[in-house]
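Asker: Here you go, one structure.
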Amino acid sequence: TKEIPNVDIGVQEATGDGKPAFEKVSITKEGTAQLTKIRIQDGRKYKLSIKAPRSIRKVVEFIGSSSLTVIPNLTLDVGDIFPTDDGDGKVNSLDKGELNRQWVIGVPAPGRSGDFNQDTRVNSIDWACMRDGFNKEDAPPLK
């Protein structure tokens, strides 16, 4: 997997008190993101909202650390590619139809929104990626 740019991150205290802070980041191929605007305090409980392109928004809770915060087992469901590349907040049969329309096995087809594993093909591997998120939709945004 390559770097994922344009990922929207939101952080709010888990109690829901206070206004959430938002930042646009890139997730490295190792799965890390560097926050430059959002400040996390040691030992406090937070909610993290994460929305990557072509994915479903996920909200998880974590305990903050000012040096390094590791959020284990955070996976994003991909597949939200219709009606636009930014989708509509859910993975459903419309997205599967768009994946089928983009399906190319024999020749490279770089840049297609359905190429989730970024191998320049839209094929059964991409369907396997989409299938995990099928019938899921965005978690509510932080307020």
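Asker: With each label point set 7 Å from Cα along the Cα-Cβ vector, what nm distance links K37 and A139?
Answerer: Between K37 and A139, the label points sit 2.1 nm apart.
Asker: Which stretch or stretches of the range 128-143 have amide N atoms under 20 Å from the point lying 7 Å from N73's Cα along the Cα→Cβ direction?
Answerer: Answer for this model: 132-134, 136-137, 139.
Asker: While we're here: So what is the relative contact order of the range 29-107, in percent, for Cα pairs below 8 Å that sit 6 or more residues apart?
Answerer: Computed over the range 29-107, the figure is 23 percent.
Asker: Using 7 Å Cα-to-Cβ label points, what is the D8/V60 separation (nm, one decimal)?
Answerer: Label at D8, label at V60, 2.0 nm between them.
Asker: Quick one: with all protein chains in place, what share of the accessible area of the chain is carbon or sulfur, to the nearest percent (1.4 Å probe)?
Answerer: Carbon and sulfur together cover 51 percent of it.
Asker: Which ³J(HN,Hα) values in Hz, rounded to whole numbers, follow from the phi angles of the range 24-31 under the Karplus curve 6.51 cos²θ - 1.76 cosθ + 1.60, where θ = phi - 60° and Gly and Pro get x?
Answerer: My calculation for the range 24-31 gives 9, 10, 10, 9, 6, 5, 7, x Hz in order.
Asker: Compute the accessible area per residue over the range 5-100, keeping the other protein chains in place, probe 1.4 Å, unit Å².
Answerer: Accessible area per residue: 58 Å².
Asker: Now for a separate question. Could you tell me the distance between the Cα centroids of the range 34-65 and the range 80-117, to the nearest Å?
Answerer: The range 34-65 and the range 80-117 have Cα centres spaced 27 Å from each other.
Asker: May I pose another question? What nm value, rounded to one decimal, do you get for the distance between R44 and V104 when each label is placed 7 Å out toward the C-beta?
Answerer: 4.8 nm
Asker: Right, something else. To the nearest 10 degrees, how steep is helix 124-133 against the longest Cα principal axis of the chain, on a 0 to 90 scale?
Answerer: 40 degrees
Asker: With Kirkwood radius over Cα pairs in Å in mind, check (i) 17.7; (ii) 16.1; (iii) 15.3 and report the label derived from this structure.
Answerer: Here Kirkwood radius over Cα pairs in Å agrees with entry (ii).
The values are calculated or read from the model by the stated rules, or taken from the named source; none is laboratory data. Please read all numbers here as calculations on a predicted model, not as lab measurements. Neighbour counts are summed over all protein chains in view; Cβ atoms, including those assigned to glycine, are modelled from backbone coordinates with ideal geometry. For accessibility, only protein heavy atoms count, side chains too; no ligands or nucleic acids. Shrake-Rupley method; radii C 1.70, N 1.55, O 1.52, S 1.80 Å.
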